[in-house]
Amino acid sequence: MPKNEKTLRKPTVAIVGAGSLATFLAMALRDAGFSIAEIVTRDLPRSLRRARLLAAKVGAQAVTAHSAALDATLLWFCVPDREIHDAASVLADHIVARVLVHQKAIPRFALHSSGALLSRELDPLRRAGVAVASVHPLMTFVAGARPSLQGVPFALEGDGAALRVARRIVRELGAESFSLPASRKAAYHAWATLTSPLLLAFLVTLEEAARAAGLTREDARRKSLPIIKQTLANYSRLGSARSFSGPLIRGDAETVAKHLSALKKHPGAREVYVVLARAALRGLPVKNRDGLSPLLRAL
Ligand SMILES: NC(=O)c1ccc[n+]([C@@H]2O[C@H](COP(=O)([O-])OP(=O)(O)OC[C@H]3O[C@@H](n4cnc5c(N)ncnc54)[C@H](OP(=O)(O)O)[C@@H]3O)[C@@H](O)[C@H]2O)c1
């Protein structure tokens, strides 16, 4: 009987890096029944300390590229985008030497999780015979928070064999995978950056505007949360247009003029207000466009 996915053994995993994504992923994979063999880190005291802490949590060994056994089936690079290629290069040299000198088996798959970069960042490993893919979770991972992966989309791109194993891992983590053409990755990551990092940039701007109204940042955060949460709940249930309220949908140009005047001493917040109001003109049911447009022309 041919083996189906359920009867295949879970690949053992080595994680490169011990930062935000590595920490989350190592624990999520361990909880989903994967064995984490090694946490590969830079040979620096602080890096090794972090890697040892993580390794202890998931029953792995903390190693450097040179001390790594690299006997896991799958390598998962969780290093900053700018480091992926070099880190892959160092490990590829190590793997090639192991094969030549010791005739040992090499990892079969290597993944990285950059949203913008392609699987070809892992070309040094590909050339050594490893199937590679990029696997980007559309989720935010920060210290102190452990998000659920239920229904979280993972964007996949790369070699067929690596994609097959990545799809299976994503499913076992409770998440969902989708394929992304290489030519769309940069645009995909621009969207991804708007979903959380730039949403945070908006929220910090909102705190600045609240300061103009005499509130502290902390007070602004607390007082804003009920309406922000309701807006997201409405957006989830009703979509963007039906969740839109405020002076722009009513076409209150005089009110908007007052806002712009009140924010004159807070140019950063004013700039964001104008840019977003223009976005509302483009994509939302704004009334009195003729009255509003001239106000929003100059920053
Ligand atoms: N965080 C997120 O929300 C998120 C979401 C989706 C995708 N990602 C992707 O995940 C990857 C990692 O992001 P992150 O947010 O987890 O970054 P991070 O918190 O800054 O962690 C990066 C880790 O990589 C290590 N590192 C750096 N250079 C290395 C090298 N040459 N060899 C081995 N380890 C090295 C760092 O260790 P030291 O500096 O201590 O040596 C650190 O442990 C990126 O590709 C990012 O695009 C992140």
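The values are calculated or read from the model by the stated rules, or taken from the named source; none is laboratory data. Source: prediction; values computed, not measured. Backbone-built Cβ (ideal geometry, glycine too); neighbour counts: all protein chains shown.
In the stretch 57-66, the qualifying residues are those that are surrounded by 12 or more Cβ atoms within 10 Å (Cβ to Cβ) and not β-branched (Val, Ile, Thr), and the one that is nearest to the ligand (Cβ to nearest atom) is Ala65.
Does the stretch 121-138 hold any residues that are assigned to a helix (DSSP H, G or I) and either within 19 Å of the chain's Cα centre (by Cα) or among the aromatic types (Phe, Trp, Tyr) (or both), and which are they? Break it down stepwise before answering.
From the stretch 121-138, those assigned to a helix (DSSP H, G or I) are 121-127; that's our starting set.
Within the stretch 121-138, Glu121, Leu122 meet the criteria.
Within the stretch 124-139, the set of residues being crowded, with 16+ Cβ neighbours inside 10 Å and not hydrophobic (A, V, I, L, M, F, W, C) comprises Pro124, Arg126, Ser134, His136, Pro137. If you go through the stretch 116-154 and keep only what is closer than 20 Å to Gly174 by Cβ and touching a strand residue (DSSP E or B) at 6+ places or on another chain (Cβ under 8 Å), you end up with Ala133, Val135, His136, Pro137, Leu138, Leu149, Gly151, Val152, Pro153, Phe154. Against the definition (farther than 23 Å from Ala51 by Cβ and either surrounded by 15 or more Cβ atoms within 10 Å (Cβ to Cβ) or in the same structural domain as Thr41 (by TED's automatic domain parsing) (or both)), how does His112 come out, yes or no? No, not satisfied. Does Val142 satisfy the condition of being surrounded by fewer than 13 Cβ atoms within 10 Å (Cβ to Cβ), in contact (Cβ under 8 Å) with a residue 60 or more places away in the chain, assigned by TED's automatic domain parsing to the domain that holds Ala51 and within 16 Å of the ligand (Cβ to nearest atom)? Here the answer is yes, as Val142 does meet what is asked.
Among the residues of the stretch 65-120, the ones that are polar (S, T, N, Q) and not in a loop (DSSP other than H, G, I, E, B) come to 2 in all. Close Cβ contacts (under 7 Å, 6 or more residues apart or on different chains) running from residues in the stretch 69-87 that are buried (at least 21 other Cβ atoms within 10 Å of the Cβ) to residues that are of a type in the set (Ser, Thr, Tyr) and outside any loop (DSSP other than H, G, I, E, B) are absent.
Only residues that are outside any loop (DSSP other than H, G, I, E, B) and among the aliphatic types (A, V, I, L, M) were counted across the stretch 139-157, and they come to 2.
Can you list the helices (runs of 4 or more DSSP H) lying wholly within the stretch 205-274 that have 2 or more residues being in contact with a Lys or Arg (Cβ under 8 Å, 6 or more places away or on another chain)? Break it down into steps so the answer makes sense when it comes.
Details: elements: 217-238, 247-250, 253-262.
Of the helices (runs of 4 or more DSSP H) lying wholly inside the stretch 205-274, those with at least 2 residues that are in contact with a Lys or Arg (Cβ under 8 Å, 6 or more places away or on another chain) span 217-238, 247-250.
Within the stretch 253-282, the set of residues being closer than 14 Å to Ala210 by Cβ, among the charged types (D, E, K, R) and either touching a residue at least 60 places away in the same chain (Cβ under 8 Å) or surrounded by 12 or more Cβ atoms within 10 Å (Cβ to Cβ) (or both) comprises Arg270 only.
In this structure, Val96 does not qualify as touching a residue at least 12 places away in the same chain (Cβ under 8 Å), more than 14 Å from Val132 (Cα to Cα), buried (at least 17 other Cβ atoms within 10 Å of the Cβ) and away from the ligand (no atom under 13 Å from the Cβ). Scanning the stretch 122-137 for residues that are away from the ligand (no atom under 16 Å from the Cβ), over 10 Å from Ile95 (Cβ atoms) and of a type outside the set (D, E, K, R) yields a single hit, Ala131.
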